[in-house]
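So the structure is just underneath, and the comments pick up after that.
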Amino acid sequence: MERIVVRGGARLEGEVRASGSKNSALALLAASLLAEGTTVLRNVPRVRDVFAMLDLLRALGARADFTAEDPHCVRIQADGVGEPEAPYELVRKMRASFMVLGPLLARFGVGRVSEPGGCAIGVRPVDQHLKGLEALGAKVQLDHGTIEASGAPLTGGRFRFDRVTVNGTQNVMMAATLAEGESVLENCAREPEVVELADVLNRMGAEIRGAGSASLQITGVSSLRGLTHAISGDRIEAGTLLVAGMITKGEVRVTGLDSSHLDNILDKLRETGAELRVDYDAVTVFCNEASKALQVRTAPYPGFPTDMQAQLMALLCVGSASSVVTETVFENRFMHVPELVRMGADISLDGRSAHVHGVTKLLGAPVMATDLRASASLLLAGLAAQGETVVSRVYHIDRGYERIEEKLRSLGAEIRRED
């Protein structure tokens, strides 16, 4: 079992490039099932979740893999899909696997997907996916842990999500692209990853309007075609790297991103005292003082992202200010708190709020990663701690960060991966 060892105290400086968006990549890999011909995706991050999705596409009968010429380019040919069932042993590894259901149903008339797994950060039911597909005429059945959706052709319909869901919006939107007639989806997610998926689907021949707003209007078409697309930079990885610069009172420039996707993150970093230089495709952070007091509440986009909550909390642990972090998206996303407390952090929980009282110093300690973003927060805390921090179960961080220890080391961190 691998672990990452961090010796704190180094001031991070320099430039680093964010990898392609993991969440966009997963949705676009699922969308490739809709396309006739070949789909080529560039700037694909080499992370565990992406490899799991490629395994799933191959299990369905598609040809899908990274190319020999470019280690971040994936080529997918889905015309040969013959077994529209996503097996449990693959779906259990990653919740985003469930997004293949909409494309399978729309293109092949039937899709069977096991109930999904993923990080244990709270209840994330797929009922909104299924209700949306039923609004398009699908028949949905649950049989021994496998969900089957059938019905061809789908027909346009109107559906309002009971709550905002990114993967649910993406799944139903993909299905509606090949439905007959008009579909209207309301209370949709507005995240950049949803917008990117809609833009790519339109380039494949779909007719989707309203991406980035709460309402999507979709006119069904008879078929979609493959294309070549470069995936946008990962806004959560970029935010994590910026916090790494701040927590070490360094100067870090992160490139390879659309800075407008980080507005909600950058606003909070400014409130904590960071100085930022924002360009179209890069952000530089300067920080020479401990973080200021902050009130932050996670919310669907354009609110502060739940995927940055743990990293921001690590930053707030150091200093003299007292802050409050409220988590509204997932009910079990404070699992990093006991591990930060092991390192000397002063955090108390009150329902869905964490009261964070800054301390003069954190102390290195053995800690355990419990989910993807929690593991990132422990690495960040380790960068600022005295002594050595050993983070175990790093397969969590490998789900969404491509060799993050190498990127941090390029900025001056004393960090290594070992067995």
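The values are calculated or read from the model by the stated rules, or taken from the named source; none is laboratory data. Just so it is clear, the model here is predicted, and its values are computed rather than measured. Methodologically, a virtual Cβ is constructed for each residue, glycine included, from the backbone with ideal geometry; neighbour enumeration extends over all protein chains shown.
Some values worked out for this structure:
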| item | result |
| --- | --- |
| Search result, residues across the stretch 308-336 that are surrounded by fewer than 23 Cβ atoms within 10 Å (Cβ to Cβ), without any contact (Cβ under 8 Å) to a residue 60 or more places away in the chain and among the polar types (S, T, N, Q) | Ser320, Ser322, Thr326, Thr328 |
| Of all residues making up the stretch 162-181, the number that are touching a Leu at 6+ places or on another chain (Cβ under 7 Å) and assigned to a loop (DSSP other than H, G, I, E, B) | 3 |
| Test: residue in the stretch 360-371 that is among the small types (Gly, Ala, Ser), under 19 Å from Ile404 (Cβ atoms) and in contact (Cβ under 8 Å) with a residue 24 or more places away in the chain | yes |
| Any pair with Cβ under 7 angstrom, 6 or more apart, that starts in the stretch 254-266 at a residue that is under 9 Å from Pro192 (Cβ atoms) and touching a residue at least 24 places away in the same chain (Cβ under 8 Å) and ends at one that is surrounded by fewer than 23 Cβ atoms within 10 Å (Cβ to Cβ) and of a type in the set (Asp, Glu) | Asp258/Asp281 |
| Residue that is nearest to Cys317 (Cα to Cα) [pool: residues in the stretch 240-282 that are touching a Phe, Trp or Tyr at 6+ places or on another chain (Cβ under 7 Å) and charged (D, E, K, R)] | Lys268 |
| Check on Glu191, more than 20 Å from Leu104 (Cα to Cα) and of a type in the set (Asp, Glu) | yes |
| Out of Thr240, Thr272, sole residue that is in the same structural domain as Leu372 (by TED's automatic domain parsing), surrounded by 21 or more Cβ atoms within 10 Å (Cβ to Cβ) and more than 26 Å from Arg403 (Cα to Cα) | Thr272 |
| Identity of the residue in the stretch 275-293, exposed (fewer than 13 other Cβ atoms within 10 Å of the Cβ) and at pLDDT below 95, that ends up nearest to Leu411 (Cα to Cα) | Asn288 |
| Qualifying residue in the stretch 146-153 (condition: in contact with a Lys or Arg (Cβ under 8 Å, 6 or more places away or on another chain), part of a strand (DSSP E or B) and crowded, with 23+ Cβ neighbours inside 10 Å) | yes |
| Filter result (touching a residue at least 40 places away in the same chain (Cβ under 8 Å), buried (at least 23 other Cβ atoms within 10 Å of the Cβ) and assigned to a loop (DSSP other than H, G, I, E, B)) within the stretch 337-359 | Met343 |
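Yes/no matrix, rows are residues, columns are (1) at pLDDT below 95; (2) surrounded by 24 or more Cβ atoms within 10 Å (Cβ to Cβ); (3) touching a strand residue (DSSP E or B) at 6+ places or on another chain (Cβ under 7 Å); (4) not assigned by TED's automatic domain parsing to the domain that holds Glu251:
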residue	(1), (2), (3), (4)
Ala369	yes, yes, yes, no
Leu379	no, yes, yes, no
Gly387	no, no, yes, no
Val390	no, no, yes, no
Leu408	no, yes, yes, no
